[in-house]
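> One structure is given below, represented as structure tokens, and several questions about it will come after.
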Amino acid sequence: MIRRLGLALVCAVTVGFLSGPLVALLLRVPLADLARRLADPIVVNALRLSLISTVVSLLLMMAFGTPLAYALARRRFPGKWLVEGLVELPIILPPAVAGVALLFTFGRRGLLGPALAAVGVDIAFSFAAVVLAQTFVAAPFYIKAARISFADVPEELLQAAATEGAGDGQVFRHILAPLALPGLLGGAVLGWARALGEFGATILFAGNFPGRTQTMPLAIYLALETDLDTTLVLAAILVSTSFVFLLAFKLLTGRTVDAGMA
Amino acid sequence: TPPAQFNFAGSQALLAQLKQGASADLFITADAPTMDAARTAGLVLSPQVLARNSLVVVLPSSNPGGVRTLADLARPGLKIVLAAPAVPVGSYTLQVLDKLAADAAYGPGFKAGVLANVVSQEENVRRVLTKVQLGEADAGIVYRTDARAPTAAGGTQTITILDIPPAANVTAVYYIAVLKGAVALQAASAFQTYALGPDGQAALGRFGFLPAGPTPTP
């Protein structure tokens, strides 16, 4: 009885802490001119940019991250421990540092700068830079979740299929992928959410330009320079939009987004 | 007396913090509107002019954009980084561009030309300087004092200064005020007196600031 109570108490405190600040924020949103601000081109641009860039980033991190996650989960190769560590590094990197690092890599004077310039590609301060920044910081989250999902599929199932004569491709398509899918989707949500909230690397690498690189987090931060009300409205819009997308995602896929939970 | 503690940020960010109840004794802003807003919000007692500053164009010393004169700034394809309009120096920059556009030597299309080259609007003037120092931008506009100060990226790349003619330049005015909720009221007032006095003004001058004095020299 005490144990149940204790558990409930800890849960209540945790949920309270995690959702409290959000409630405090939403309580202060000036509802009066919400409609007017929603039509503000700054808001419309930032929202559009955020949504498009994060979807592109998500597609990129899934396209490039899934094979890697698969290899890390089900293959053995020399130096695997090193690859795992490298792939997780962006997570611990402060976003601003990530931004500078990206600049030193893809910027005009970066490692790849001259090579890119030779083929006429200029990345810094562009939409591509926004996507690169988001993908860099968010991909490790997806890869980590995807790796766990692939690794969780019981080896016996795959071996059973192999003994029945299924080739590698068939095993992947008919057994491994479907079973790992809930976890992959959960990882996709994590990756997308991280990309959506990305600020430090974006403002340093992609810069801040309304309509081109000013995503919602950047618009919110800049709004702090103008007035708090605009900031609150933008924050509320970002939160509710994300919430709607998450809800729609859950309904569409009809699954829970927890990796590994059936 | 305990040593002074400083909290540095853009004027607007500091004002937002003060409005939300952050406690402090002395407030210094980079422009009049922010100090006016502080006064309207009932936060400060009698603001005074602390110092003045003017703007300069900064270029990476390797000058990747080949900028030789101010007029070059409107050349298509150049990458210019400015402070966001909501930041004091960003708004001063727009005023300078207006003045230059009104000058026959530059023409009415000058401002539009320059703005078309802007690739990023930074929320912090130091970041403008950093991007120029890193060579990622061809030019930026910052305070004269920023152009002369030692900076974080200084080791990687130095900058050259392109002056803005005094007639087109804007004098940024810095204000200082003791806060109404000041705990260390005496210390704050004493600091303000020192800053406005000959020693304080001389110290500011060493960093490139112009004196508060009655007649602003650009």
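Readers should treat all values here as calculations from the given coordinates under stated rules, not as data from a laboratory. Predicted model only: the values in this text are computed from it and were never measured. Neighbour counts are summed over all protein chains in view; Cβ atoms, including those assigned to glycine, are modelled from backbone coordinates with ideal geometry.
> What FRET efficiency do you get for A:ARG3 and A:THR241 if R0 is 45 Å and r is their Cβ-Cβ distance, rounded to the nearest 0.05?
After rounding to 0.05, the efficiency reads 0.65.
> Taking neighbour counts of Cβ atoms within 10 Å as a proxy for exposure, in what order, fewest first, do A:LEU181, A:LEU251 appear?
Ranked by crowding around the Cβ, least crowded first: A:LEU251, A:LEU181.
> I would also like to ask the following. Classify segment A:1-106 as rounded, prolate or oblate, taking a ≥ b ≥ c as the square roots of the eigenvalues of its Cα gyration tensor: rounded when a/c is under 1.5, otherwise prolate if a/b is larger than b/c and oblate if not.
The shape class here is oblate.
> Between A:ARG76 and A:LEU89, how many nm apart are label points set 7 Å from Cα along the C-beta direction?
For the pair A:ARG76/A:LEU89, the computed spacing is 2.7 nm.
> With the cut-off at 30 Å, tell me which of the pairs B:LYS79/B:LYS99; A:LYS144/B:LYS79; B:LYS99/B:LYS131; B:LYS111/B:LYS131 have Cα atoms farther apart than that.
From the list (B:LYS79/B:LYS99; A:LYS144/B:LYS79; B:LYS99/B:LYS131; B:LYS111/B:LYS131), the Cα-Cα distance tops 30 Å for A:LYS144/B:LYS79.
> May I ask you to sort A:LEU7, A:LEU58 by Cβ crowding, counting other Cβ atoms within 10 Å and putting the fewest first?
Sorted ascending by nearby Cβ count, the order is A:LEU7, A:LEU58.
> Hydropathy at least -0.5 by Kyte-Doolittle, axial extent at least 30 angstrom from the Cα trace: which helices of chain A, defined as entire DSSP H runs, fit?
A:2-27, A:41-74, A:127-152, A:228-253
> Classify chain A as rounded, prolate or oblate from the Cα gyration tensor: take a ≥ b ≥ c as the square roots of its eigenvalues, call it rounded if a/c is under 1.5, otherwise prolate when a/b beats b/c and oblate if not.
oblate
> Now, a different point. For a label point 7 Å from the Cα of B:LEU115 along Cα→C-beta, name the residues of segment A:211-246 whose backbone N is under 18 Å from it.
A:211-214
> Loop-only trypsin sites (Lys or Arg not before Pro) in segment B:49-82, please: DSSP not H, G, I, E or B, and at most 10 other Cβ atoms within 10 Å.
Listed in order of number, the matching sites are B:ARG68.
> Taking the Cα atoms of segment A:45-162 alone, what are Rg (to one decimal) and Dmax (as a whole number) in Å?
According to the Cα coordinates of segment A:45-162, Rg and Dmax are 17.2, 54 Å.
> Hey, another quick one. What's the exposure ranking of A:VAL130, B:VAL178, going from fewest to most Cβ atoms within 10 Å?
B:VAL178, A:VAL130
> Turning to a different aspect of this structure: Less than 15 Å Cβ to Cβ from B:GLY181, Lys/Arg counted +1 and Asp/Glu -1: what total charge do the surrounding residues give?
+2
> Leaving out same-chain residues fewer than 8 places away, which aspartates and glutamates sit with a Cα under 12 Å from that of B:LYS19?
Cross-link targets: A:ASP227.
> Here's another thing I want to ask about it. What ranking do A:233-244, B:38-49, A:84-95 get when scored by the average of other Cβ atoms within 10 Å per residue, highest first?
Put in order of decreasing packing, that is A:233-244, B:38-49, A:84-95.
> Please compute the contact order of chain B in relative form: average sequence separation of alpha-carbon pairs under 8 Å and at least six residues apart, divided by the residue count, as a percent.
It rounds to 35 percent for chain B.
> With the contact rule set at Cα under 8 Å and sequence spacing of 6 or more, what percent relative contact order holds for segment A:1-133?
18 percent
> Please work out the Cα center distance from segment B:20-79 to segment A:83-138, rounded to the nearest Å.
30 Å
> How large is Rg/Rh for chain B, to two decimals, with Cα atoms and a Kirkwood Rh?
1.00
> For an R0 of 22 angstrom, estimate the FRET efficiency from the Cβ-Cβ distance between A:LEU27 and B:LYS19 and round to the nearest 0.05.
Efficiency for this residue pair is about 0.80.
> Could I ask something else about it? Put +1 on the Cβ of every Lys and Arg and -1 on every Asp and Glu Cβ in segment A:126-262; which of A:PHE127, A:ALA223, A:LEU179 then has its Cα farthest towards the positive end of the dipole?
A:PHE127
> Classify segment A:1-57 as rounded, prolate or oblate, taking a ≥ b ≥ c as the square roots of the eigenvalues of its Cα gyration tensor: rounded when a/c is under 1.5, otherwise prolate if a/b is larger than b/c and oblate if not.
It comes out oblate by the Cα gyration axes.
> Now a separate question. Within chain A, which is the longest segment that contains none of the trypsin sites (Lys or Arg not before Pro) sitting in a DSSP loop with at most 10 other Cβ atoms within 10 Å?
A:77-262
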